[in-house]
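Have a look at the structure below before the remarks.
Nothing in this text is a laboratory measurement; each read-out follows from the coordinates by a stated rule. These figures come from a predicted structure and were not determined experimentally. Positions of Cβ are generated from backbone atoms using ideal geometry, with glycine treated the same way; all protein chains shown enter the neighbour counts.
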Amino acid sequence: MASASVIDPQGITAANVAVAAPMGDIMPPVKARRGFWGFLYRNPSIAIGGTIVLLMVLMAIFAPLLTYADPTALAPARRTREPSAMYWFGTDMLGRDVYSRVIYGARVSLIVGFSVAVLASVIGLTIGLVSGFVRWADSLVMRVMDGMMSIPPILLAIALMALTRGSVQNVIIAITIAEVPRVSRLVRGVVLSLREQPYVDAAVAAGTRTPVIIWRHILPNTIAPMTVQATFICASAMIVESILSFIGAGTPPIIPSWGNIMAEGRALWQVKPYIVFFPALFLSVTVLAVNLLGDGLRDTLDPRMAKRI
Amino acid sequence: MALLEVENLQTHFRSPDGINRAVDGVNFHVNAGETVAIVGESGCGKSVTAMSILRLIPEPPGKIAGAIRFNGRDLLKLSDREMRDIRGNEISMIFQEPMTSLNPVLTVGRQIGETLRLHQGLSAQAAEARAVEMLKLVGIPEPQRRVREYPHQLSGGMRQRVMIAIALACNPKLLIADEPTTALDVTIQAQILDLMRDLKRTVGAAIVIITHDLGVVAEVAERVIVMYAGRKVEEAAVGPLFRSPRHPYTQGLLGSMPKLGSSLTGTETRLQEIPGLVPSLKRKLDGCVFASRCPHATDLCTKVAPALEEKAPGHIAACHYAIKDAVAA
Amino acid sequence: MSTPILEVNDLKKHFPIRGGFFGGVTGQVYAVDGVSFSIAKGETLSLVGESGCGKSTVGKAILQLFPITAGQVILDGKRIDDMAPGTLRPMRRRMQVVFQDPFSSLNPRMRVRDILAEPIRNFGLAKDSADIDRKVGELMDRVRLPRDAVNRWPHEFSGGQRQRICIARALAADPDLIICDEAVSALDVSVKAQIVNLLQDLQKELGLAMLFISHDLAIVEHMTHRVAVMYLGKIVEVAPKRELFAAPKHPYTEALLSAVPVPEPGAQRERIILTGDVPSPIKPPKGCRFHTRCPYAFDRCKQDEPQLRQTEPGHWAACHLHDRPAAENPLAGARGAAVIAHH
């Protein structure tokens, strides 16, 4: 039996005890970075991605202040000028200033990206919650979603656009419909695994009604993976919007969008590559930044998911 | 010279909010053919110690310092190539979760043969023959058939036997078993512990067994090292450790376990609690690491860190107040 | 005898195995296959067995977390397994649960106050929000957590502290029965002792009945009044603690006891090491389910399934050995001490 009699404090003083040799550290101390800067230091992808996205948003909002020319003003006299101090990104075949068009073009891309992300998340969340909780609805809804997912989102969006006329609003609706199945699948998966959590069982045992369980125990725990997914949808929607505009099935030509500008510069690609180059550069950087932000959010919000993907 | 000598082992990890001193100055040795248990609760550094011996700690964020001498060679000074020659060959390891440690797409025979072909240059036929022999050794019925099966076709206990077969295939001098029976049911655990005792006689490898279960320690170990908060706090032969533990932490651990059969002997008492929590290893600890939870702690304990001292022959403990001779309760 | 708080009659839970292209049912997992027992008010019954024996499924079936396949669950004289959800909900107050994993047992997005307030609100146990706060405070005292911790999130607590919160949540409903499903198994030795002591204190203070589901026989012996041993979806032995540990009447119980490692180096004990593994609950063996591993099995065990019957007053076992003369029955004597080992 364990016994306290092997402990004897009699006659033990600081003078006669054996002192352990102190151990030094084998690596330089970690500088504790707190607050906002600490967060940025630990999450560089959120910092870099977020900063670029923020800059793009500010650029789109303050486009009138950042440009020196009307992006839609035609000037046949100064067609296809090379980039210079006067026309920073040059002019297109109708003499419009490419720099101004690219800056204004950010508006369409960002509006489409963010709107689709929000709409697709909300709709997908609803469908996913219903099919995760209602058994008979599940097989029906999921077969429909599977059917939709078997068509590439871009083709589905093109087909939907063919049914209607080109406007930013219709582009948003078309891309949202194409993105919803992916979100629903994700949410359904998350809901099914959350339903198995012991805290949900404990809530049932504690007499909580199903709607409250969904609202209080399931929904809040889908927010983290949903936020991550929303950023990826945002990036994908911006690309799809550009493609739609590029092939003339998206934003009407009167509104400058990166896809439109590239479409118009396509014919002159071999001689005047800058018309395509600048909108393409802005599109790539923005999509990259949004994806970077998504990766960073995934790592901090949902470490388990980071390992899975 | 001992087979394995670990000297001033420190394994630290860098994390955003400080250095995690998972193992901080641990010394011990293992003699050839001996079974040593390292016991402690989660976060005490026992598994990190085992991983450090095989240099399985990712660096960065981790870093290992000190010396780990195996047959006189300091493993920390070897190149990655030389280390690979030692792992699975002279020192091998068994993990807790047999399912995740086996490759699901290779047959059991291939997985045993792999190490043999790698380290001993055996031909495919010779490796398979040896694999069958190993499966027989670890008590798997119908080894000729089982050798061609995949891990998912085996039960948990069988898989752990296969893990042991792989670990023993190259006749290692040292076997490190990290919680080898924790994931198993009690009747299967009994089979595996029985097998390990048997193999010890027939194979003769030294074993370091890492566990939190004092019952398992009592069943298989010859010598026991008790770890707490990244440090060794007590070490003794298994008998004296259980009969007269010197460190208040070891006493607390033993007192907090209910004894099987207590209802028969009428020794049912309230379990002894160790109050409080393990201290954070991210802060530098002054004084004794156990002082904050120790019923006997005084000012001296919180200020002055006790050295490991021999309290009785072969029985060392890091406690100022543990009495210092062979007189025990 | 007064009505038991819980009675389970011939409970069965079979899980369908779905497979194939159309997702049809291709087989059944006989997780629980005819289990009966009762728990008196204020009594602790332990359900022991190895993983896959169905002990956790029994707990969840009693809690009505899924529909049962057959049998009856009777809570304080009222049959609850066929109740409509609306009638069942107020009955749920009387039985609460503490699960194994303290990390997934608490909603990470709820503060401790809200976690504890949920059952109080659901069952209308408080008059107003001040009353809820008072009750939450009392619960924190009961489980020995500081009152000001109610505003914190689950991740700010250690495993042992989280398990205290889970216990507090179970107590919040003011239940008569608590089902502890491996409630201390995931905890470290020293923390385990704290929670075991807490559970014992609470049971004494509040007169709770407890169904203690565990694979740890030493803890069970420490905690319980009676023990039921499960193997492959069936109860093979039920007895008061002292009788079961002193004289196990089923070969499986005897083997379980002898397999537990005891912290006494060099203990002299008789070892019964079972060969092989637990058969699959999809295709349980014919006859006695334990006959494939039983060291004493004879011909009859492969054919007839033994029924639970009384071998001593209050001591029930399902084994054909007890039909044999005592001289041919290795379980006739008090074998507990021999397999557990005591000096």
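Data table
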quantity	calculated
Mean Kyte hydropathy of 1.6 or more with a Cα span along the axis of at least 27 Å, helices from DSSP in chain A	A:98-133
Size of charge dipole - the protein assembly as shown - debye, nearest 20, with Cβ of Lys, Arg +1 and Asp, Glu -1, no other charges	1940 debye
Range in chain A, longest, excluding exposed trypsin sites (Lys or Arg not before Pro) [loop by DSSP; at most 12 other beta-carbon atoms within 10 Å]	A:166-309
Cα lying deepest toward the dipole's positive end in region A:42-308, options A:Gly132, A:Ser150, A:Ser121, charges on Cβ	A:Gly132
Net charge of neighbours whose Cβ lies under 10 Å from the Cβ of B:Gly287, counting Lys and Arg as +1 and Asp and Glu as -1	-1
Sorted by Cβ neighbour density within 10 Å, fewest at the top, the residues A:Trp136, C:Trp153	A:Trp136, C:Trp153
The protein assembly as shown: radius of gyration over Cα atoms, expressed as a fraction of 2.2 N^0.38 Å	1.11
Shape category assigned to region C:201-274 from the gyration tensor of Cα positions, a/c cut at 1.5	oblate
Of the DSSP H helices in chain B, those whose Cα atoms cover at least 20 Å axially and whose Kyte score averages 1.6 or more	none
Two-site FRET efficiency, A:Leu54 against A:Arg209, from Cβ-Cβ distance with R₀ of 35 Å, rounded to 0.05	0.25
Under 27 Å, Cα to Cα: Lys pairs in region C:22-160, sequence gap 8 or more or different chains	7
Cα pair distances in region A:42-308, grouped into 5 Å bins until the bin that holds the longest one, percent each	1, 6, 12, 14, 15, 14, 12, 9, 6, 5, 3, 2, 1, 1, 0, 0
Mean-position separation - Cα centroids, region A:165-224 and region C:138-172, in angstrom	29 Å
Cross-link pairs beyond the 25 Å C-alpha cut-off, checked among B:Lys63/B:Lys232; B:Lys259/B:Lys324; B:Lys173/B:Lys324; B:Lys63/B:Lys324; C:Lys12/C:Lys286	B:Lys259/B:Lys324; B:Lys173/B:Lys324; B:Lys63/B:Lys324
Cross-link reach list, aspartates and glutamates versus C:Lys283, counting only Cα pairs under 17 Å and skipping chain neighbours closer than eight places	C:Asp33, C:Asp304, C:Glu305
Charge-dipole axis of chain B as Lys and Arg at +1 and Asp and Glu at -1 on Cβ define it, positive-most pick from B:Phe290, B:Tyr228, B:Val203	B:Val203
Candidate aspartates and glutamates for bridging to B:Lys311, where Cα separation is under 14 Å - those fewer than 8 sequence places away on the same chain excluded	A:Asp8, B:Glu234, B:Glu235, B:Asp325
Student exercise, chain B dipole from Lys, Arg, Asp, Glu Cβ charges, in Debye to nearest 20	400 debye
Region A:42-308, dipole about Cα centre (Lys/Arg Cβ +1, Asp/Glu Cβ -1), debye to the nearest 20	180 debye
Given charges at Cβ of Lys, Arg, Asp, Glu: region A:42-308 dipole, positive-most of A:Val287, A:Ala205, A:Leu163	A:Ala205
Region C:25-93 and region A:252-284: distance between their alpha carbon centers, rounded to Å	68 Å
Environment charge at C:Ala193 (Cβ cut-off 10 Å; Lys +1, Arg +1, Asp -1, Glu -1)	0
Residue with peak Gaussian network fluctuation, chain B [Cα springs, cutoff 10 Å], from B:Glu234, B:Glu309, B:Glu142	B:Glu142
